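For reference, the structure discussed in these notes is given below.
The values are calculated or read from the model by the stated rules, or taken from the named source; none is laboratory data. All of these numbers come straight from a predicted model, not from anything done at the bench. Heads up, the Cβs are rebuilt from the backbone with ideal geometry, glycines too, and the neighbour counts pull from every protein chain shown.
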Amino acid sequence: MSGIFDTEQRIRLGIWGLGRGSSFIKAAKELNIDVVAGCDFHEDTWKHFLACCPDAFVTRDEDDFLARNFDAVLVATYCPDHAKHAIKALRAGKHVLSEVTAFFTPAQGVELVEAVEATGKVYNLAENYPFTKENMYLAKLYREGFFGEMTYAEYEYVHGGANPCVCYPNGQPLVPGNQLHHWRGWLNYHYYCTHSLGPVMIITGLRPEKVVAFPQDVLNIGTVHGKGRKIDGILPNLGAFAPSLIHMSNGGIVRNLMGGTTADSHNQRLFGTKAAAELYPRFNLKVGATGSAHLISIDAKWEALGELAAKAGHGGGDFWELYYFARQILTGEKAP
Ligand SMILES: NC(=O)c1ccc[n+]([C@@H]2O[C@H](COP(=O)([O-])OP(=O)(O)OC[C@H]3O[C@@H](n4cnc5c(N)ncnc54)[C@H](O)[C@@H]3O)[C@@H](O)[C@H]2O)c1
């Protein structure tokens, strides 16, 4: 037994997209998961994958990959393709852990839900940012009523994207000829909303209900400057800052800021009716319902499995999303 789950059962996992996808291999071993197959049409990614999993099957061809006998697929292909690939993997009889984001259009969302319902397989979104030790601690405090009701929050995922706009994941320049190059270069970052919105949803248990946003006309260097859908097929405000204001299900407001730009920023501020929290530059709680609230500096710790989580990427979030996926397959207990 692994010691984490009370069972000898193993999950055979195939990884589809071996860039980001390969970063889960180390944590998988601890979580009753054997990586038995990989798929990437970019063969440069195979070397690292096979060094980590020498007995695994690897192919360029997604149909050969999905025809293999294994239990679950980690979908870590290009961002706009996740819904299509998750649905294909579900229909091939596999459980799916999909990288963010899940889908791009309401129609894709409906098709994805229907595929999960029709197949009865586990589908989880691999959103890792809610599961840092700070955010898990904030979620516990919120559940206990420490903050009262969320009134206003600011969450950000601002991550420079100039290099991936022009390079393959290994840094090799893209072969010219494709007008749009890589999705990181042309994506409207409102579509990449889960690293910032995910934590505030998991911490508070609230859901987004309405959203407003202005288009942004000043674009970052390294991104595609489109003239419009009917002129050159490229929307004009891609690759820019993407702020929105979201009305949550309790009536509170979240300012959600995304974008690939010149200075990364992951600020997080949460205001409740009884207390507030800020994560940068230090994790501080501000307690009391007045402007001159008492300030406490926090050194958050996970309640369990902290040593294993600390070894994984993205502040431990990569461990927890794989843990919840394995737990749901092995025990039926749903992921948060
Ligand atoms: N949660 C996180 O913290 C985090 C971090 C990095 C990336 N991601 C997500 O993971 C995904 C992958 O990111 P990445 O950094 O590896 O960059 P990427 O999007 O360039 O990589 C996609 C990989 O999938 C392969 N691929 C795409 N379609 C394929 C197909 N049909 N068949 C076979 N191979 C295919 C490509 O060759 C490439 O190696 C992205 O959607 C990204 O948003 C999430």
task = Would you confirm whether any residue within segment 291-310 is under 30 Å from G93 (Cα atoms) and exposed (fewer than 15 other Cβ atoms within 10 Å of the Cβ)?
result = no
task = Evaluate segment 255-277: report whether one residue or more is crowded, with 17+ Cβ neighbours inside 10 Å, β-branched (V, I, T) and assigned by TED's automatic domain parsing to the domain that holds R143.
result = yes
Residue that is farthest from the ligand (Cβ to nearest atom) [pool: residues in segment 31-40 that are β-branched (V, I, T) and surrounded by 23 or more Cβ atoms within 10 Å (Cβ to Cβ)] = I33
ask   = Can we say H266 is away from the ligand (no atom under 16 Å from the Cβ) and in contact with a strand residue (DSSP E or B) (Cβ under 8 Å, 6 or more places away or on another chain)?
value = no
request  = List the helices (runs of 4 or more DSSP H) that sit entirely inside segment 127-237 and contain at least 3 residues that are modelled with pLDDT of 95 or more.
outcome  = 133-143, 194-204
ask   = Counting only residues that are in contact with a strand residue (DSSP E or B) (Cβ under 8 Å, 6 or more places away or on another chain) and not in a helix (DSSP H, G or I), how many does segment 102-119 have?
value = 1
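Select from segment 5-25 the residues that are part of a strand (DSSP E or B) and within 8 Å of the ligand (Cβ to nearest atom) and list them in ascending order.
W16
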message = When you scan segment 41-58, do you find a residue that is in contact (Cβ under 8 Å) with a residue 40 or more places away in the chain, outside any loop (DSSP other than H, G, I, E, B) and closer than 19 Å to F319 by Cβ, even just one?
response = no
key: Criterion (within 16 Å of the ligand (Cβ to nearest atom), more than 15 Å from K94 (Cα to Cα) and either in the same structural domain as K94 (by TED's automatic domain parsing) or among the small types (G, A, S) (or both)) met by exactly one of A67, A28   = A28
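Conditions tested, residue by residue: (1) touching a residue at least 12 places away in the same chain (Cβ under 8 Å); (2) closer than 17 Å to A28 by Cβ.
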| residue | (1), (2) |
| --- | --- |
| G291 | no, no |
| I298 | yes, no |
| A309 | yes, yes |
| W320 | yes, yes |
remark   = Picking from E62, E43, the residue that is within 11 Å of the ligand (Cβ to nearest atom) and within 19 Å of L112 (Cβ to Cβ) would be E62
ask   = Would a scan of segment 71-78 turn up a residue that is more than 12 Å from the ligand (Cβ to nearest atom), at pLDDT 95 or above and surrounded by 15 or more Cβ atoms within 10 Å (Cβ to Cβ)?
value = yes
query = In this structure, does V122 turn out to be more than 14 Å from the ligand (Cβ to nearest atom), within 20 Å of the chain's Cα centre (by Cα) and touching a residue at least 12 places away in the same chain (Cβ under 8 Å)?
reply = yes
request  = Would you confirm whether any residue within segment 98-107 is over 19 Å from A126 (Cα atoms), more than 8 Å from the ligand (Cβ to nearest atom) and not assigned by TED's automatic domain parsing to the domain that holds M258?
outcome  = yes
